Amino acid sequence: MTKRGRTSRKRCRKLKGNSYFVPNQENVLLRWMKKSWNFKCKELCVAEFHSTGRGLLAKRNFKKGDVIISVPKEVLIGVRQVCQNSSIIKFLLAKNPSGLSTISGVEALCIFLIEEVRLQDYARKHNKISIKWSPYISSLPTVFNHPVIWCHSSIILLPESVQKNVTNMQLDVCRQFQEVNKLLAEARNWGLEINLPLKILSSDFTWEEYTWAWCCVNTRCVYSSHDVQKQTFVRPSAADCYYLVPFLDLLNHSPSVQVKTGFNSNNDCFEITSMSNVKKHNQVFINYSAHGNDVLLVEYGFVCPQEPNENDVIRTSIKSISQHLPGGKDKMATLKQMCELTTLCEDLTFQNTGASWSLRAVVMFLALRQNSGTLTKQELKSILHEVLHSNLKSSSFNLLSKNNAQVILGQVCISEMEKVKIMIEKCIHVQQSMCDSSTLSRQVNSALDLWEIYDKMLQTCCNMIHNTDVFLEFFKH
């Protein structure tokens, strides 16, 4: 029988509608884990997917309740493990055993990763044998598209609330970076005799090194409280339960997938269990948590435009609503009164399923409240009681009120759509005007993807509002 060539074999690994290929060199990671910890995973392999990039491929069918992956605790890289194995941290602790100057758990994990990268580079340059964690370090992404490293011109293309979260995150990471380098500088001043590998590690970390390590930790770690122990040199925090898990961290996110994760004390393994069926030769996904695409971008550096996300929301405000009403100033004063008496104004949002109940209630309140002028507190309470305690679909609300509500909500939705379309045009303009820069291009594309998700969501809401039959059902309490 004729042996197939490499190109033919790759072609045979492609499935119609789900294009992928299996790069053999990537599975060096599996062979290393088998040799080091006898870790075996015959059900999954590393693959490159057309739509999502690198991920894990199912080599068999998985049913609901099946364990997708089970990783021994010895493989998990946590705060305790890095404090015991990092030469830098042990060096710092040796000179400051009381732990007066401490680091966070995230900083400890970042130090470990940077140290391993530098040691790996040192071994390569001096033809040394590769270090223990080399296959894992080599499996990590070399480039991230995380907003923590975005430039200001890209950040201002994001929604205002996302901009604020990104800016705060950048400030926090910058503080960590300065804190770690301050400790390293202090350590060098102590003048402790150290061996050659550590000597090359004692120079300051660069911003690129630290943000790369931070992105690895922030986007790939899992949470488990199975082995939390107080470390002298580490400030207690939620990061004490963070673990980097080789191979497992190649699983990509899907908002529609449900899994169960956790440490199994019966076999001392961190496990992921599928809560749905997965077909052979399909990519295996997990769910990073119930996040909207705005949070996914801030926390993980990506969005998922391919499928609806029930956690996506677009916030409007009483100010935006009042701008589309006759006697807007008077209505604004009444709305402010209403906010003092209820919590309705805390959730004025559009979602993939339509407007939130609070937004519908506020709109119905405005539809019933036709007169100008400020209401007395008693009048306001009376109308609110009717809105809050009646079925919005019931005959107690006349057709005129429902029509008014339909018009008001439609105007608010269209207004939000116009804002989104302005930002889409702005992103496209930036794309067209910038020079060939793959880094900036990825940043702008992510911002554009987020706005296009919002645009599609608002179009769905508008269609629901302007379809009278759907709208009345939509207004059901």
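Conditions tested, residue by residue: (1) modelled with pLDDT of 95 or more; (2) among the basic types (K, R); (3) under 27 Å from S356 (Cβ atoms).
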position	(1), (2), (3)
K393	no, yes, yes
N404	no, no, yes
L409	no, no, yes
V412	no, no, yes
S433	no, no, no
R442	no, yes, no
E452	yes, no, yes
C461	no, no, yes
M464	no, no, yes
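So, of the residues in segment 29-45 that are within 14 Å of H281 (Cβ to Cβ) and not charged (D, E, K, R), which turns out to be surrounded by the most Cβ atoms within 10 Å (Cβ to Cβ)? Only one residue tops the list, namely L44.
Quick one: which residue in Q170, Q176 is in contact (Cβ under 8 Å) with a residue 12 or more places away in the chain and either open to solvent by 40 Å² or more (accessible area, probe 1.4 Å) or over 29 Å from L450 (Cα atoms) (or both)?
That would be Q170, the only listed residue that is in contact (Cβ under 8 Å) with a residue 12 or more places away in the chain and either open to solvent by 40 Å² or more (accessible area, probe 1.4 Å) or over 29 Å from L450 (Cα atoms) (or both).
For every residue, the table says whether it meets (1) of a type in the set (S, T, N, Q); (2) open to solvent by 50 Å² or more (accessible area, probe 1.4 Å).
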site	(1), (2)
Q283	yes, no
D312	no, no
T334	yes, no
E340	no, yes
T343	yes, yes
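Among the residues of segment 231-267, the ones that are open to solvent by 10 Å² or more (accessible area, probe 1.4 Å), small (G, A, S) and more than 25 Å from V22 (Cβ to Cβ) come to 4 in all. Pairs meeting the criteria (first residue in segment 449-468 and among the small types (G, A, S), second residue surrounded by fewer than 17 Cβ atoms within 10 Å (Cβ to Cβ) and in a helix (DSSP H, G or I), beta carbons under 8 Å, at least 6 apart or on different chains) are lacking. Counting only residues that are more than 13 Å from E115 (Cβ to Cβ) and open to solvent by 40 Å² or more (accessible area, probe 1.4 Å), segment 196-211 holds 5 of them. Quick one: in segment 314-332, of everything that is surrounded by 18 or more Cβ atoms within 10 Å (Cβ to Cβ) and part of a helix (DSSP H, G or I), which residue is modelled with the lowest pLDDT? Residue satisfying both the conditions and the ranking: K331. Filtered by the rule that a residue be assigned to a helix (DSSP H, G or I) and either buried (at least 19 other Cβ atoms within 10 Å of the Cβ) or in contact with a strand residue (DSSP E or B) (Cβ under 6 Å, 6 or more places away or on another chain) (or both), segment 288-299 gives N293, D294, L296, L297, V298. Report, ordered by the first and then the second residue, all pairs with beta carbons closer than 6 Å, sequence separation of six or more or different chains, a first member in segment 349-365 that is surrounded by fewer than 21 Cβ atoms within 10 Å (Cβ to Cβ), and a second member that is in a strand (DSSP E or B) and of a type in the set (S, T, Y). If the second residue must be in a strand (DSSP E or B) and of a type in the set (S, T, Y), the pairs left are S356/T349.
Looking only at segment 50-66, how many residues end up being part of a strand (DSSP E or B) and either closer than 14 Å to I272 by Cβ or open to solvent by 10 Å² or more (accessible area, probe 1.4 Å) (or both)?
Adding up the residues that qualify gives 6.
Within segment 222-230, is there a residue that is without any contact (Cβ under 8 Å) to a residue 40 or more places away in the chain, surrounded by fewer than 20 Cβ atoms within 10 Å (Cβ to Cβ) and not in a loop (DSSP other than H, G, I, E, B)? Yes: one or more hits. Only one of the numbered conditions (1) open to solvent by 20 Å² or more (accessible area, probe 1.4 Å); (2) modelled with pLDDT under 70 is not met by F475, and that is (1).
The values are calculated or read from the model by the stated rules, or taken from the named source; none is laboratory data. Treat the numbers as computed from the prediction; the structure is a model and nothing was measured. When we count neighbours, we look across all protein chains shown, and the Cβ atoms used for this are built from the backbone with ideal geometry, even at glycine. To get the accessible areas, we keep the full protein, side chains included, count just its heavy atoms, and leave off ligands, DNA and RNA. Shrake-Rupley method; radii C 1.70, N 1.55, O 1.52, S 1.80 Å.
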